[in-house]
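This report concerns only the one structure given below.
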Amino acid sequence: MLFSAIRAKGGFNNNPTVSQFEAAYKSIIVHSEIKSSSSANCMALDDTTILTVSSSNIKVKDTQSELLDLLCVAGTDDLENDNLVSVYQHSNFINDVVACIAGFVVRKIKKKTILCDTCAVEIEVGSSESKLLDRKNRGGLIKPSHDVLQIFQTSNPEAYRTLVHYLRNEEAEFHTFQLKEDKPMRIVIRNLHLSTSTEMIKNELEHRLYEVRQVTQVISKIPLPLFFVDLEPTDHSKEIFKLESILHTKIKIEEPHKPKIISQCQNCQAYGHTKAYCGYSPRCVRCGDDHSSSACPNSRQDPMRCAFCTGALYSPPHHNISNATFTDYFNTIKNNFIIGGDYNAKHNAWGCRTNNPRGIVLYNFVNANNFNVLAPPGPTYWPSSPAKNPDILDIFETKIPSNLHCLTKNILELNSDHSSVILNVSATVFARVEPPRLFSPLTDRLEFQNIINQRIDLKIKLKSNYDIDEAVNNLTMLIQSATWEATKPNKTHDSKNNYPIVSDQIRCLIVEKRRARAKYQVTRLPSQKTAYNKLANLLKKVLAKYKSFIMNPPAKSSLSPSHIKNTKNNLTIHPIKIVKSNDNTNNWQTVPIRSPSTPTSPNPIIQKTNSFSSKNRFSALATNEISYEISNEVEMLSQEISNVQPKIPPIYIKDDIDFFDFCKKIKPFTDPDGFNTKSSSSGLKLMTYSINAYRQIIKFLEINNMNFHTYQTNEEKAFRVVIRHLHHTTPTDYIKEELHSLGFITRSITNCLQYKTKNPLPLFFVDLEPSPSNHNIYKVDSICYTKIKIEAPHPKKNPVQRLRCQNYGHTRTYCHHTPRCVKRCDIHLSFECQKDSNTPATCALCSGDHPASYKGCPKFKLLQKGRSSIKTNRPTET
């Protein structure tokens, strides 16, 4: 059985080596017991378990079976069954491992911490009950005392707290961590107003039966709309993520982000633990001396010194430096350090060519004190004598936490015979950068060689530096061009061949769903999300029906010749599009989609339909039932979307307000629908649920002269179109009369001017009053004795700038902020400016020496960069 188990551990190897046998035997001892497999060629004579040693807790039961443990059986014949109690206890293996770890700790503290001989004797004993130590000891392992083992086997939280309290009273050097049951559940609440007090938040959460331990506002030079909340670790606390609003504010609750850097103790400045559980001597963060940072006598103008590293070191090559010299120097340095410099010590351990006496001394010293040597990957010493070889002389000697990652690099800038070295220290693993490669797996090496042989020119002159540089550049370009030509492009499948075999109407729904998703990702409006969800659900239903019809087509006998003929005649399916009309009823319509070649304003006399024959090979089996079902689904969707309430525009308030008092004042205007808010570092966003409450709050803010801005409601927005090819001298009143005779009520008509020259253009902006029939204006092709083209205006590429306060994002009509001059940054409107035009301009946004409308302003570039990073797919009006 033993041979069978070892053979299985070694991959069923019949002839394992000594090392393989030892590894398999250790694996069997630690992780499992010896058992025979069902397909083995040997059988067990009884049910005796062998080598039952594991790292899990063993529940001792009253049983008559004999337990054989090879690690703990020495000196034990039988187990007294009368003393066995049905309780959980640590296994013998765990006790042995803990004793081994305790002995290692005793070795460390005897060497560096305990200076008293009596104390050193008390923590070590000559004999131990650990059979693992007795078996593995060859004269170098330390056996801890019984008191030390009791400390390491502490599993009771009360005993842990008592021990920590004792160590603090004795002023011992130690650090520990918080117990898991004592850790609070920390969450982050976003979008609460800055003026919201922590007591109000705590009372509100306690009113909702949450046990709050602490509420803290995040401050980064200025208060932020972020609050840390520490809850008691209960089951009910986990349900707090379901909260969406408190204190009339729409909030977002999330877990705190994990810190990207290692936590640093503010007491001893070491990494890996916090000040609350640190028992080490204090170190100053500025000067590195043995006192707390708050008690530092130095001023902030004095040069700082790190508590870890002591800078650079230089060791002259012709001095005799022994192990005692290194010991005396490093004894002056406490805790962690990074010391780099020219040690003039060579050893193969850090990549040198040879070993010298100083390198051997430094190597032995580093190993004896558990220090680390960090060396660059290449030589740092470049001798001028040809008899000497380049080698590594500049290294770093460190003693830092093991969770810090270091990376050294050479800088090949020869300012002297030594090149510089950079040491990067990070809390995360350094990303491996792949070196650039000339060839790829798709490169034909033979073709590359043939191209080089054909095009290379060896008859060149190399008489000057210019000739050499030109020859090198030509050779480099030749190699690169030959590589590109010899590399075959990756063969990808044609997108036309992979196009799904679906009908045009389903493709139209897919396009509309993607457009709705893109629009929601840009606006983040609930109404857009509702429209996107409805289109997504409709598409799922249609695809399910289409798939079931394709997988289970009707039998050929059930298709009559006339039925097949009618099906072939109906292969041309006009795609549809769901379009929202710009009227007060918020209706949705289904209109045909035109191809890109079709003009935006169709000809009302000659109707050109966008139709094509489907290449679907299953289209002969299709019936009109699917088209009818899809049309019915679309009509139902249109009715559902038409019932969606119009979105009330939000109100953005920039004033510093008392949030609680402000809510009391506007609450009578919003009853019974209520209101909601959302705070950010730039101000307060107020959202109402009725148009009457929105208008009353606007009046209230105007009366109190508060700085705010808002937007136009959907029911008041005009339907804007562009009329092309009309002569620029055509009177706007004449155009208005012509459109009125066609049934279109105009609000305003404006002639467009050229941007730079301000000359009139044959373009007119026409704003129509909201009406369900406004889309019919695209069918008009001539007015005022002119053949025209009517289309939707192009979307603006740049963000809208306010002409009142000079900020971006809204217009002057709905802006109630303090006016700012576009040229002089003064508090007045731009046309009221009385300063001379030769006075230097000052930007109202960045305080630069340019007007606020300058497109090179850093604020404008930042906004433009944010807009360009969002990939939008805007649907066009048809």
Go through the stretch 479-499 residue by residue and tally those that are under 20 Å from LEU446 (Cβ atoms), at pLDDT below 80 and open to solvent by less than 100 Å² (accessible area, probe 1.4 Å). 0
Look at VAL433 and say whether it is surrounded by 15 or more Cβ atoms within 10 Å (Cβ to Cβ), out of contact with any Lys or Arg (no Cβ under 8 Å at 6 or more places or on another chain) and at pLDDT below 90. no
Return the total of residues in the stretch 263-294 being surrounded by fewer than 17 Cβ atoms within 10 Å (Cβ to Cβ), assigned to a loop (DSSP other than H, G, I, E, B) and of a type in the set (S, T, N, Q). 5
Within the stretch 198-244, restricting attention to residues that are in contact (Cβ under 8 Å) with a residue 12 or more places away in the chain and hydroxyl-bearing (Ser, Thr, Tyr), which residue is nearest to PHE662 (Cα to Cα)? THR198
Can you pull out every residue in the stretch 328-375 that is open to solvent by 30 Å² or more (accessible area, probe 1.4 Å), free of Cβ contacts under 8 Å to residues at least 40 places away in the same chain, within 22 Å of ASP391 (Cα to Cα) and of a type in the set (Val, Ile, Thr)? THR354, ILE360, VAL373
Which count do you get for residues in the stretch 788-808 that are in contact (Cβ under 8 Å) with a residue 60 or more places away in the chain, under 33 Å from the mean Cα position of the chain (by Cα) and open to solvent by less than 70 Å² (accessible area, probe 1.4 Å)? 2
Checking the structure you have, find out if any residue of the stretch 297-312 is in contact (Cβ under 8 Å) with a residue 12 or more places away in the chain and acidic (Asp, Glu). yes
Of all residues in the stretch 841-854, count the ones that are open to solvent by less than 100 Å² (accessible area, probe 1.4 Å) and either modelled with pLDDT under 80 or more than 16 Å from GLN801 (Cβ to Cβ) (or both). 2
Suppose we keep only residues that are open to solvent by 30 Å² or more (accessible area, probe 1.4 Å) and touching a residue at least 12 places away in the same chain (Cβ under 8 Å) within the stretch 376-393. Which one would you say is farthest from ALA270 (Cα to Cα)? SER384
Mind checking whether some residue in the stretch 236-247 is buried (at least 16 other Cβ atoms within 10 Å of the Cβ) and of a type outside the set (A, V, I, L, M)? yes
So for the stretch 812-819 (the condition being of a type in the set (D, E, K, R), within 19 Å of MET706 (Cα to Cα) and either open to solvent by less than 30 Å² (accessible area, probe 1.4 Å) or touching a Lys or Arg at 6+ places or on another chain (Cβ under 7 Å) (or both)), does at least one residue qualify? yes
Given the criterion in contact (Cβ under 8 Å) with a residue 12 or more places away in the chain, open to solvent by less than 70 Å² (accessible area, probe 1.4 Å), assigned to a strand (DSSP E or B) and among the small types (Gly, Ala, Ser), identify the matching residue among SER771, SER748. SER748
What are the residues in the stretch 688-717 that are surrounded by fewer than 17 Cβ atoms within 10 Å (Cβ to Cβ), hydrophobic (A, V, I, L, M, F, W, C) and either in contact (Cβ under 8 Å) with a residue 60 or more places away in the chain or part of a strand (DSSP E or B) (or both), if any? MET706
List every residue pair whose Cβ atoms sit under 9 Å apart, with the two residues 6 or more apart in sequence or on different chains, where the first one lies in the stretch 661-674 and is farther than 18 Å from MET200 by Cβ and of a type in the set (Gly, Ala, Ser) and the second, anywhere, is modelled with pLDDT of 80 or more and exposed (fewer than 14 other Cβ atoms within 10 Å of the Cβ). GLY674/LYS667
Residue hits (the stretch 527-552; at pLDDT below 75 and either of a type in the set (Ser, Thr, Tyr) or loosely packed, with under 14 Cβ neighbours inside 10 Å (or both)) are MET551, ASN552
So THR839, is it under 30 Å from PRO731 (Cβ atoms) and in a loop (DSSP other than H, G, I, E, B): no
Considering the stretch 402-423, residues that are surrounded by 12 or more Cβ atoms within 10 Å (Cβ to Cβ) and in contact (Cβ under 8 Å) with a residue 60 or more places away in the chain, and then whichever is farthest from TYR314 (Cα to Cα), we arrive at LEU404
Go through (1) at pLDDT 85 or above; (2) surrounded by 10 or more Cβ atoms within 10 Å (Cβ to Cβ) and name the single condition ASN465 misses. (2)
SER127 is checked against (1) of a type outside the set (D, E, K, R); (2) at pLDDT 75 or above; (3) open to solvent by 50 Å² or more (accessible area, probe 1.4 Å) and fails just one. What number does that condition carry? (2)
Return a yes/no flag: does the stretch 226-234 have any residue that is of a type outside the set (Lys, Arg), within 29 Å of THR162 (Cβ to Cβ), modelled with pLDDT under 85 and open to solvent by 50 Å² or more (accessible area, probe 1.4 Å). no
Hits in the stretch 396-421 - residues which are touching a Pro at 6+ places or on another chain (Cβ under 8 Å) and not in a loop (DSSP other than H, G, I, E, B): THR408, LYS409, ASN410, VAL421
Could you tell me whether any residue of the stretch 105-117 is modelled with pLDDT of 70 or more and over 50 Å from the mean Cα position of the chain (by Cα)? yes
Would you check if ILE189 is under 18 Å from HIS248 (Cα atoms), open to solvent by less than 50 Å² (accessible area, probe 1.4 Å) and part of a strand (DSSP E or B)? yes
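The values are calculated or read from the model by the stated rules, or taken from the named source; none is laboratory data. Because the structure is a prediction, the values reported are computed rather than measured. Note that we place each Cβ from the backbone using ideal geometry, even for glycine, and neighbour counts take in every protein chain shown. These accessible areas exclude ligands, DNA and RNA; they are computed on the full protein's heavy atoms, side chains included. Shrake-Rupley method; radii C 1.70, N 1.55, O 1.52, S 1.80 Å.
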